[in-house]
1. Residues that are of a type outside the set (Val, Ile, Thr), in the same structural domain as residue 168 (by TED's automatic domain parsing) and closer than 30 Å to residue 159 by Cβ: find the helices (runs of 4 or more DSSP H) completely inside the stretch 35-142 holding 1 or more of those.
2. Any chance the stretch 104-117 includes a residue that's basic (Lys, Arg) and over 21 Å from residue 240 (Cα atoms)?
3. Is it the case that residue 101 is touching a residue at least 12 places away in the same chain (Cβ under 8 Å), touching a strand residue (DSSP E or B) at 6+ places or on another chain (Cβ under 7 Å), closer than 26 Å to residue 180 by Cα and small (Gly, Ala, Ser)?
4. Filter the stretch 93-117 for residues that are out of contact with any Asp or Glu (no Cβ under 7 Å at 6 or more places or on another chain) and of a type in the set (A, V, I, L, M); which is surrounded by the most Cβ atoms within 10 Å (Cβ to Cβ)?
5. Go through the stretch 207-224 and give me each residue that's within 21 Å of residue 120 (Cβ to Cβ) and buried (at least 16 other Cβ atoms within 10 Å of the Cβ).
6. Is there a residue being buried (at least 23 other Cβ atoms within 10 Å of the Cβ), closer than 28 Å to residue 79 by Cβ and not basic (Lys, Arg) anywhere in the stretch 184-193?
7. Kindly provide the set of residues from the stretch 171-181 that are at pLDDT 95 or above and over 17 Å from residue 132 (Cα atoms), ordered by number.
8. Going by what's in this entry, would residue 49 be described as surrounded by 13 or more Cβ atoms within 10 Å (Cβ to Cβ) and at pLDDT 75 or above?
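The values are calculated or read from the model by the stated rules, or taken from the named source; none is laboratory data. Predicted model only: the values in this text are computed from it and were never measured. Neighbour counts run over all protein chains shown; Cβ positions are idealised from the backbone, glycine included.
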Amino acid sequence: MTLTDIFEKYKQGELDLPEALQMVSNHGTFEMGFATIDTDRLHRTGMPEMIYAAGKTTEQVRQIAERMYQNGMDVLASRVSPEMSKAIKEVIPLAVYNELARTVSFRHQKIQNTKGYIAVVAAGTSDMPVAEEAAETARFLGNEVKTIYDVGVAGIHRLFHKIDIIRGARVIIVVAGMEGALGSVIGGLVDKPVIGVPTSVGYGANFKGLSALLSMLNSCANGISIVNIDNGFGAACQASLINKL
């Protein structure tokens, strides 16, 4: 409920003065003891409050999701375990669990940004969990998303079969492990913002994604920005902000 809603309810007599003052003083947060839900984040930043489930207990995730849902907030939880997904669906039966992405999402009303679409491009099938996290997050934020998977540099001809779809996007998220070369390749072929997501996929000298991260950071292709290792969520948030400009 916005401040305008509170004042209108007070004006119409639906709230008395102490109730209105209490709601104004608590505006912007729900205090839960172990968590403080930021109810004003969407209005303030253009990004809604979302749940990072890793490190939280199943019960904590369930209670946060339930509180958000009951107060009319849309719900997206990332890094969700199967046990957590079951707990969330107990309180939000229509929530959707993407096991590969490890996300659970629910929207009270569907929204769609009609300006253009975000392309999520993954180098290999092993990179798909991170790519799916990016795709699910971007869709939750109201964007059309097109996914192109398994088009890495080891068989680069596969990429050119999809190049028109990639070039047609307003923003491109490139997800790649191993040496992370796909970001540079795509950056040299398109005139759109490219967001690179290095993944922890790779053998020992990949150093759990560090080699892909450093390769992307050292790209000689212009117009590429990089997020942290395996951070499909963060890439989608940035891509959504760009797509809605």
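1. Working: elements: 41-45, 58-70, 82-91, 128-140.
Ranges flagged: 128-140.
2. We begin by selecting, within the stretch 104-117, every residue basic (Lys, Arg); these are 107, 110, 115.
Restricting the remaining residues to those that are over 21 Å from residue 240 (Cα atoms) gives none.
No, because not a single residue in the stretch 104-117 is basic (Lys, Arg) and over 21 Å from residue 240 (Cα atoms).
3. Numbers: touching a residue at least 12 places away in the same chain (Cβ under 8 Å): yes; touching a strand residue (DSSP E or B) at 6+ places or on another chain (Cβ under 7 Å): no; closer than 26 Å to residue 180 by Cα: yes; small (Gly, Ala, Ser): yes.
The answer is no for residue 101.
4. Selected residue: 104.
5. Those that are within 21 Å of residue 120 (Cβ to Cβ) and buried (at least 16 other Cβ atoms within 10 Å of the Cβ): 209, 212, 213, 215, 216, 219, 221, 224.
6. Start the filter on the stretch 184-193 by keeping residues that are buried (at least 23 other Cβ atoms within 10 Å of the Cβ), which leaves 186.
Now restrict to residues that are closer than 28 Å to residue 79 by Cβ: 186.
Now drop any that are not not basic (Lys, Arg), which leaves 186.
Checked the stretch 184-193: at least one residue is buried (at least 23 other Cβ atoms within 10 Å of the Cβ), closer than 28 Å to residue 79 by Cβ and not basic (Lys, Arg).
7. None; the set is empty.
8. Numbers: surrounded by 13 or more Cβ atoms within 10 Å (Cβ to Cβ): yes; at pLDDT 75 or above: yes.
Considered against the rule, which asks whether it is surrounded by 13 or more Cβ atoms within 10 Å (Cβ to Cβ) and at pLDDT 75 or above, residue 49 comes out as yes.
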